[in-house]
Amino acid sequence: MYWTERHVLVCTGSHCIQKGANQVLTRFRFELMRKRLNTRVHLNTCGTIDLCDIGPNFLIYPDNIVYSNVSENDIPDIIRFLEGGPVVERLVTGPTAFAEQNRQRFYAALKERDNAWTENDVDVLAAHHNLDSGWIAEQLRRGFMAKKPDPDSAENRFSMTSKALHRYRLESK
Ligand code: FES
């Protein structure tokens, strides 16, 4: 039934699927039924919402909340929220979220010296923005950053891709 209190969209685009969105969705759907929330919460899957590097992602309306990096372990807290409990702050993202701003600043700095970043430079820049090597590896895996060998040295050089320019709204800056 559509006339529910909330509408939850779970991204099942390819990047989120690779990070476990199907398992998360299965658990979430099961818990919605178990808690009889399915009459109050309308669940749909959706294609990418362009937050591919921080999925799996949930969008919740009318709250206009985005939960990112959702794992199966987070489902009980999301269910509690849907039952009237507190917002799951650790999962919330948006343009003003601390972590999102750090990611955005990282890429803005990367853009300044595009293609001139060594691995060590990128590590230092990431650490400065509270981001770690796991996050960098994820960015490379998801195609937000690229690395290629520098013909003049033995080192790799890092640059951002058009995907990151778009994701972090840096195209015209
Ligand atoms: S695949 Fe889920 S946000 Fe892009």
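Readers should treat all values here as calculations from the given coordinates under stated rules, not as data from a laboratory. No experiment lies behind these values; they were computed from the predicted model shown. When we count neighbours, we look across all protein chains shown, and the Cβ atoms used for this are built from the backbone with ideal geometry, even at glycine.
Which order do peptides 41-51, 65-75 fall in by mean Cβ count within 10 Å, highest first? The partial results should precede the final answer.
On the way: 41-51: 15.1, 65-75: 18.5.
Highest mean packing first, the order is 65-75, 41-51.
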Over all Cα pairs of segment 1-117, the Kirkwood radius sets Rh, and Rg/Rh then becomes 1.04
Simple spin-label estimate for His7/Ala154, 7 Å along Cα→Cβ, in nm, reads 5.7 nm
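To check you understand DSSP bridge types, tell me what percent of the beta bridges within the chain (both residues inside) are antiparallel, rounded to 5.
On the way: 15 of 21 bridges.
So the antiparallel bridges amount to about 70 percent of the total.
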In degrees rounded to 10, the 0-90 angle between helix 119-128 Cα long axis and the longest Cα principal axis of the chain is 50 degrees
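Quick one: net charge around Arg29, please, counting Lys, Arg +1 and Asp, Glu -1 for every other residue with C-beta under 15 Å from its C-beta. It would help to have the intermediate numbers written out before the result.
On the way: positive: Arg6, Arg27, Arg34, Lys35, Arg36, Arg40; negative: Glu31, Glu72, Asp74.
Value of the local net charge: +3.
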